[in-house]
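Below is one structure, written out as structure tokens; the observations come after it.
Coordinate-derived values only; no laboratory data. Predicted model only: the values in this text are computed from it and were never measured. Note that we place each Cβ from the backbone using ideal geometry, even for glycine, and neighbour counts take in every protein chain shown.
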Amino acid sequence: MTQTTAGRPTSEPAGRKQRAQIKARTLRTDRWWVAPAITFAALTSFLVYGFWAIFDKSYFVEPYIAPFSSPCLATSCPEGARFLGLAPFGDWWTLPPGFLILGLPAGFRLTCYYYRKGYYRAFWLSPPACSVAEPHGKYTGETRLPLILQNLHRYFFYGAVLIGAVLTYDAVLALRDAEGNWGHFGLGTAILFINAALIWAYTLSCHSCRHITAGRLNHFSKHPLRYKMWTFVSKLNARHMLLAWLSMYSVMLADLYVRLVAKGIINFPFA
Amino acid sequence: MGYKAKFRIWRGEAGEGALEDFVVEVNEGEVVLDALHRLQATQTPDLAVRWNCKAGKCGSCSMEINGKPRLGCMTRMSTFTEDETITVTPMRTFPVIKDLVTDVSFNYQKAREIPSFTPPDNVKPGEYRMQQIDVERSQEFRKCIECFMCNNVCHVIRDHEENKPAFAGPRFLMRIAELDMHPYDVADRKNAAQEEHGLGYCNITKCCTEVCPEHIKITDNALIPMKERVVDRRYDPLVWLGNKIFKRSGSGSGSAKSG
């Protein structure tokens, strides 16, 4: 039943059939460089902040813990900051606790299908914009190391689900006051809840999540529940880019807010 | 109200040529293709431009207008200012035959390399039973008018002509996704997509989606789902283990075989 295939296209004799010889890199007249420039600036600002935050020690103040340092899994964490009261990494871990867990959310975003588009365009200029020639002489895409590792995205998705659960847990704990009594609701609590909601929305809108729910199936009608999940995730997935940016800035702002409270710079009532 | 529009049009044969300036009258409601036809009628009777339906449904008049792949018949003159010079060039990825007409046979060759719909041996024509939700995903891809602007804009072959033998381009990777998602197709599309048609070259920068005149979500609904299916087959040890333990015959997306 299978139709036979033709051979590979052969190259045309030189000089007989050629593309239009146009020297300009692009003939676009719009400001095509604006979008990659904004992406470059926004991602760079996030990286700079993350680098600073990971070495900053003011990541905990009752009842808030900064998202970049959560879950806190080492003995060096203040007692109230330890995830479920545990410190599985013990005394030997002396580096900032954020190093223990940042690989999961960082890997999730690094291999994310949206961010890949963003940084391939803005950082690697491959291509910088549509129909603007890229500067590289050779291109192999994601066919070989290291970029073939982008195919591990789904494993980072599983890790991101755990991180989403931890951030939700942190937000719930922020409903307690500094003495541990439930009923507190400060600005920090609201910020942590909003951040957790956006992180969940971004995580669930992931293309790998869409595939896992039912995208890999061909008979949706045989799996009505999974089809409903796929339909829901597909709606979120249509806004994956928006959610990627919103959640990136929400986690950065939530992290900064907790650190400013911990440093005493923000100290108004209901902080 | 009509006005005199300024055009710069690439003219030449077999790659050799140059941009030439023209001034031509355009009227309210007209599109770029109308202006090109008026040029043919009044100034340059030998200007070559391929066209057919003038309704955005045949995919013939693909060209690059101010550097962007567009259909000449769907690009309204009202989107330009009256003092703007509009540059019109042939699609860059394909060889030029003359002026704005390119040889797109690369695409037909790639189409022939994809095995056609392959139903299971035990299901005869007339016995297919599918519900609408089983096929509506692939129906989106059937809107394709084969203007080949997605293949034209894709930097994998636009900027690297040497990749042409190994890369089918978004249009035909979408065709593979369409078949792989079909409930009754049993051919091995996943390995073929990666090994023979160059899915791994795609770095999902979404230019194909941006230029599609039918607004097909090529990247989100075809290329990325296909990449995920390839991961199932080739790169995910958990899926491999699951297939062994539960004795699934395919990858889980194996249509009539498994679900």
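Listed values, structure above:
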item	result
Spin-label model distance (nm) - B:THR79 vs A:LEU187, 7 Å beyond Cα toward Cβ	4.5 nm
Eligible aspartates and glutamates near B:LYS98 by straight Cα distance, threshold 15 Å, same-chain separation 8 or greater	B:GLU13, B:GLU16, B:GLU20, B:ASP46, B:GLU64
Compactness index (Cα Rg / 2.2 N^0.38 Å), the stretch A:199-268	1.60
Residue (of A:LEU225, A:CYS209, A:PRO105) at the positive-pole extreme of the stretch A:34-262, dipole from beta-carbon charges	A:LEU225
Simple spin-label estimate for A:PHE123 and B:ASP188 in nanometres, 7 Å along Cα-Cβ	3.6 nm
C-alpha long axis of helix B:170-180 to longest principal axis of chain B, angle in °	30 degrees
FRET efficiency, B:ARG142 to B:GLU25 (Cβ-Cβ, R0 30 Å, nearest 0.05)	0.15
Difference of contour (0.36 nm per residue) and Cα-Cα distance, A:PHE55 to A:PHE270	74.7 nm
Residue mean of other protein chain beta carbons inside 10 Å, B:234-240	3
Rounded to 5, percent antiparallel among DSSP beta bridges of the protein assembly as shown	85 percent
Unit charges at the beta carbon, dipole of the stretch B:105-256: most positive-side option, B:PHE246, B:LEU199, B:VAL186	B:PHE246
Scaled radius of gyration (Cα, divided by 2.2 N^0.38 Å) that the protein assembly as shown gives	1.13
Residues in the stretch A:217-234 reached by a label modelled at B:ARG129 [backbone nitrogen below 17 Å; 7 Å Cα→Cβ]	A:219-224
Alpha-carbon centroid distance for the pair the stretch B:210-237 / the stretch B:129-178, whole angstrom	10 Å
Distance in nm between pseudo-label sites at A:VAL172 and B:TYR108 (7 Å out along the Cβ direction from Cα)	6.4 nm
Kyte-Doolittle mean at least 1.0, axial Cα span of 18 Å or more - DSSP H helices of chain A	A:34-55, A:153-173, A:187-204, A:240-262
Kirkwood estimate for the stretch B:105-256, i.e. one over the average of 1/r between Cα atoms, Å	16.2 Å
Cross-link pairs beyond the 25 Å C-alpha cut-off, checked among A:LYS17/B:LYS217; A:LYS235/B:LYS143; A:LYS17/B:LYS164; A:LYS235/B:LYS57; A:LYS235/B:LYS68; B:LYS68/B:LYS217	A:LYS17/B:LYS217; A:LYS235/B:LYS57; A:LYS235/B:LYS68
Among A:TYR49, A:LEU175, A:GLY141 the positive-end extreme of the charge dipole of chain A (Cβ point charges)	A:GLY141
Intensity falloff of the stretch B:3-102 expressed as log10 I(q)/I(0), Debye formula with alpha-carbon point scatterers, at q = 0.14, 0.16, 0.23 Å⁻¹	-0.45, -0.60, -1.33
Cysteines without a disulfide-compatible neighbour (Cβ-Cβ under 4.7 Å), chain A	A:CYS112
Residue-averaged [θ]222 nm for chain A, counting only DSSP H segments that reach four residues, each worth -39500 (n - 2.57)	-14500 deg cm²/dmol
Cysteines, chain B, no other Cys beta-carbon under 4.7 Å	B:CYS61, B:CYS73, B:CYS144, B:CYS147, B:CYS154, B:CYS202, B:CYS212
Full-stretch length increase - A:LEU47, A:ALA24 - with 0.36 nm per residue and alpha-carbon distance subtracted	4.9 nm
Residue-count net charge about B:ASN203 - beta-carbon cut-off 11 Å; Lys, Arg +1, Asp, Glu -1	+3
Total charge dipole magnitude, the stretch B:105-256, about the Cα centre, Cβ charges on Lys, Arg, Asp, Glu only, Debye to nearest 20	280 debye
MRE, 222 nm, helices only [DSSP H, n ≥ 4, -39500 (n - 2.57), over chain B, to nearest 500]	-8500 deg cm²/dmol
Per residue convex hull volume, Cα atoms of the stretch A:34-262, in Å³	159 Å³
Debye, to nearest 20: dipole size of chain A, +1 on Lys, Arg Cβ, -1 on Asp, Glu Cβ	1840 debye
Whole-angstrom gap from the stretch A:79-113 to the stretch A:203-237, using each part's C-alpha centre	30 Å
Global size of chain B as Cα Rg and Dmax, reported in angstrom	21.8, 73
Reach of A:LYS263 by Cα under 20 Å, taken over lysines that are not fewer than 8 positions away in the same chain	A:LYS57
Angle between chain B longest axis and helix B:32-42 axis [Cα atoms, degrees, rounded to 10]	40 degrees
Förster radius 30 Å - calculated FRET efficiency between A:VAL34 and A:LYS263, Cβ distance, rounded to 0.05	0.25
Chain B - charge dipole about Cα centre, Lys and Arg +1 at Cβ, Asp and Glu -1, debye rounded to 20	940 debye
